[in-house]
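Worksheet for the structure shown next.
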Amino acid sequence: MSQIFHPSTNTLARLSIFGAVFAAAALAFAAGIFARSSVATGVGVAVRQEVPFSHKHHVEGLGLDCRYCHTGVEESSFAGIPPTATCMNCHSQIWVDSPMLEPVRESFRTGDSLEWVRVHDLADFVYFNHSVHVAKGVGCSTCHGQVDEMPLMWKENSLYMEWCLDCHRQPEKFVRPRDEVFNMDWETPPNQLELGRHLVEQYDIENLLSCSTCHR
Amino acid sequence: MGIRFAAGAALVLALSGCYAQEMANQDRYEPLEASGLFEDGMASRQPIEGTVARGQLFEDDHLYRGTVAGQPATEFPFEITAEIMARGQERYQIFCTPCHDQLGTGAGIVVQRGFRRPSSLHVDRLRAAPPGYFFDVMTNGFGAMSSYASQVPAEDRWAIAAYIRALQLSQNANEADLAPEDLELLGAQR
């Protein structure tokens, strides 16, 4: 009986054992790329809502402060989605015939909730508290990006653990004075590290890296 | 072989995705989340009528309703310090400037876009009004203005009332009322 495989296939077999390592590495690399892509994270993908609310119009255009609507952000873990009544503070008289705002008026008339699709949805195994971040000088735009330039809301950052840790490891790179937290025009100053180190000391900011800080 | 391998890899990726989702969305509600359990579709339940949560027994008429013996309070329920004044300024700028503008003349951006123009805070009627009056307007609304009680806690409403007093003073101050250093500052700016 003649040989099925030619002796040269031995080389092929050796090569494939060696190549399998690279194939596995390539697969892992591809998975890493995919996990960080917008498809998986939703970063930069505008979310369709029942009412196409524009932060750009309300914040950049009208100059409303974040806290006019997100009233809980300084005191609570949850920044808060405003009740329809807050919309109606102005829209009782402005754009009253706009069909785009009919769901808002209907919600106000009937008491039924507007159903917003959550854009920043942290995994349930993560504890997060807005108020402490605000109190320690983490600006809105540090995590949420230039919301004042977003006609529809999207996520600016992945909210992945590696992203949280960027700041938890080196808060001095990101913190700003408390009275600038809600300033959407804040730009990282050239002396950020110097300012940051000073603020870290002044605000008693700890590098909280224990697992149970967030996974409690 | 190639196709089978690719399919296997896709399956692994998809499964790991599902698993991550299951951990990420556990069987509990987040604030304001929708729920199929209740008729109104809300996971957050309204407290039974008449329920008083700890720390929310608002029985101090002066602090929480701005009245003393049924009349609008003529005094603030706590001492107005520089700190409270700064808080009032900040809260005024967040919640009031959209209509009343920075100065209180009633030409804010929302008014410019068509909202009914509120009275200037510098008219005689409002200069003579007691602090409790402003507190009442913020709490219960007035004319086209809705209640701000749910957006601004009572202490902050008083701080805003104090800041309104300061704004009013700023538009009606006499030179004689100013301290020498303020006059000097003013002279330098002229």
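Note on the range B:107-143: residues that are open to solvent by less than 10 Å² (accessible area, probe 1.4 Å) and touching a Cys at 6+ places or on another chain (Cβ under 7 Å) amount to 2.
I need the full set of residues from the range B:75-107 which are touching a residue at least 40 places away in the same chain (Cβ under 8 Å), under 16 Å from B:Glu155 (Cα atoms) and more than 14 Å from chain A (Cβ to nearest Cβ), in order please.
Let us first name the residues in the range B:75-107 that are touching a residue at least 40 places away in the same chain (Cβ under 8 Å), namely B:75-78, B:80, B:84-85, B:87-89, B:91-92, B:95-96, B:99, B:103-104.
In the following step, the residues that additionally are under 16 Å from B:Glu155 (Cα atoms) were identified as B:75-78, B:80, B:84-85, B:87-89, B:91-92, B:95-96.
Hits for the range B:75-107 are B:Glu75, B:Phe76, B:Pro77, B:Phe78, B:Ile80, B:Ile84, B:Met85, B:Gly88.
Condition check ((1) open to solvent by 70 Å² or more (accessible area, probe 1.4 Å); (2) part of a loop (DSSP other than H, G, I, E, B)) across all residues:
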position	(1), (2)
A:Trp163	no, no
A:Cys167	no, no
A:Val175	no, yes
A:Asn183	no, yes
A:Thr188	yes, yes
A:Glu194	yes, no
A:Val200	no, no
A:Ile205	no, yes
A:Arg216	yes, yes
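Residues in the range A:137-148 that are over 23 Å from A:Val39 (Cβ atoms) and either open to solvent by 40 Å² or more (accessible area, probe 1.4 Å) or in a helix (DSSP H, G or I) (or both): A:Cys140, A:Ser141, A:Thr142, A:Asp148. Could you please find all residues in the range A:158-196 being touching a Cys at 6+ places or on another chain (Cβ under 6 Å) and under 20 Å from A:Val119 (Cβ atoms)? Residue satisfying the conditions is A:Phe182 alone. Assessment of the range A:75-90 against the conditions (charged (D, E, K, R), assigned to a loop (DSSP other than H, G, I, E, B), surrounded by fewer than 16 Cβ atoms within 10 Å (Cβ to Cβ) and touching a Ser or Thr at 6+ places or on another chain (Cβ under 6 Å)) yields at least one matching residue. Somewhere in the range A:113-136, is a residue more than 14 Å from chain B (Cβ to nearest Cβ) and assigned to a loop (DSSP other than H, G, I, E, B)? Within the range A:113-136, one or more residues are more than 14 Å from chain B (Cβ to nearest Cβ) and assigned to a loop (DSSP other than H, G, I, E, B). Note on the range A:85-97: among residues that are at pLDDT 95 or above and more than 9 Å from chain B (Cβ to nearest Cβ), the one that is nearest to the chain's Cα centre (by Cα) is A:Cys87.
When the helices (runs of 4 or more DSSP H) confined to the range B:74-182 are screened for residues that are closer than 25 Å to A:Val96 by Cβ, those reaching at least 1 such residues are found at B:82-95, B:97-100, B:109-112, B:131-140.
Taking into account only those residues within the range B:68-106 that are hydroxyl-bearing (Ser, Thr, Tyr) and farther than 24 Å from A:Asn89 by Cβ, which is most open to solvent (accessible area, probe 1.4 Å)?
Residues of the range B:68-106 that are hydroxyl-bearing (Ser, Thr, Tyr), as a first pass: B:74, B:81, B:92, B:97, B:105.
With farther than 24 Å from A:Asn89 by Cβ added as a condition, the list becomes B:74, B:81.
On the way: B:Thr74: 101, B:Thr81: 56 Å².
By that ranking, first place goes to B:Thr74.
Taking the listed residues A:Val43, A:Val59, the one that is open to solvent by less than 50 Å² (accessible area, probe 1.4 Å), among the β-branched types (Val, Ile, Thr), closer than 21 Å to A:Met150 by Cα and assigned by TED's automatic domain parsing to the domain that holds A:Glu162 is A:Val59, with no other qualifying.
The values are calculated or read from the model by the stated rules, or taken from the named source; none is laboratory data. Model, not experiment: these values are computed from the prediction. As a convention, Cβ positions derive from the backbone with ideal geometry for all residues, glycine included, and neighbour counts pool all protein chains shown. Surface accessibility is based on the protein's heavy atoms, side chains included, excluding ligands, DNA and RNA. Shrake-Rupley method; radii C 1.70, N 1.55, O 1.52, S 1.80 Å.
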